[in-house]
Amino acid sequence: MEKASWNPLIGEYIGPPEAPYYIYLLIDPRNAEVFYVGKGTGDRFRAHGVEALLLPDAATPVEAGEKVARIREIQESGDEPRVEFARFRIATEGEAYLVEATLIDALSRHAAPLTNTMRGHDSDFGLVSLVELEQKLAAPELTTSTPAILIKLSWWTPDQDTELPRGGFGYRPGMTQTELYDSTRAWWVMSQSTVRGYRYAVAVYQGVTRGVWEID
């Protein structure tokens, strides 16, 4: 039988690591904003500081990634990101992913934008409005013999693409028809011979048709 050990993160003795997962928050001490939600075991939460230290001084925010760039800004101001733990002693990785995704959804909607590049594991079951849920559960099955290319969109990611141009890609509730069109029409690698066989392009998010366009 293993002995209990002192854990400085929570200030108490804990037993064997039968529940090793935790969810942590990185907080900007300058304004108390949560800017990152992470899942980890052991001292995973300490790795972000190392990432920032190894980053070249000349790296742009885009090259660094928003999370690491934010950490560098905090460090250059003479401070360090504050770490808080939303939940610890989580028994399974699946439970940890669920807590992580829930926090990302909630904080992204009601607080300052997070620097997480992904919305969260299994986010298809995450934050959704009543209208969106009704559309998802009540949408009739699409049956057609007309050849069409199905473009599967992920959750919306802000991205200033000056070549298209567009302000992001993916899908989010309330987006304009122009945003949906721009998100669906670029950028995909397809051969001309393949495209010739299809008459329509269909934007799909979470299994529901969001838009249909005839291919020119």
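Placing R0 at 30 angstrom, the Cβ-Cβ distance between ARG30 and GLN160 gives a FRET efficiency of 0.75 after rounding to 0.05. Distant-in-sequence amide contacts of PHE169, defined by a placed amide H-H separation under 5 Å and a gap of 5 or more residues or a different chain, comprise THR157, ASP159. Once the C-beta distance of PHE85 and TRP213 is scaled by a Förster radius of 41 Å, the resulting FRET efficiency is 0.30 to the nearest 0.05.
ARG44 to ALA139: FRET efficiency via 1/(1 + (r/R0)^6), r the Cβ-Cβ distance, R0 45 Å, to the nearest 0.05?
Approximately 0.70, to the nearest 0.05.
Evaluate the charge dipole of the stretch 138-214 about its Cα centre and quote only its size in Debye, nearest 20, assuming +1 on the Cβ of each Lys and Arg and -1 on the Cβ of each Asp and Glu.
Working: 7 positive and 7 negative charges, 40 e Å.
Dipole of the stretch 138-214, to the nearest 20 debye: 200 debye.
Of all DSSP bridge pairs formed entirely within the stretch 138-214, close to 60 percent run antiparallel. Oblate is the label for the stretch 138-214, because the ratio a/c of its alpha-carbon gyration tensor axes (a ≥ b ≥ c) is 1.5 or higher and a/b is not greater than b/c.
Model label points for MET190 and MET175, set 7 angstrom from Cα along the Cα-to-Cβ axis, are 1.6 nm apart.
In loop segments of the stretch 133-173 as defined by DSSP, the GluC sites (Glu not before Pro) with at most 15 further C-beta atoms inside 10 Å of their C-beta are GLU141, GLU163. Ordering of 172-180, 186-194 by packing is 172-180, 186-194, highest average first (other Cβ atoms within 10 Å, averaged per residue). The trypsin sites (Lys or Arg not before Pro) of the stretch 146-216 that DSSP puts in a loop, and whose beta carbon has at most 16 other beta carbons within 10 Å, are ARG196, ARG199.
Taken together, the values in this text are just the output of simple stated rules run on the coordinates, not laboratory data. Quantities reported herein were computed from a predicted structural model and do not represent experimental measurements. All Cβ positions, even for glycine, are placed from backbone atoms using ideal geometry, and neighbour counts span all protein chains on display.
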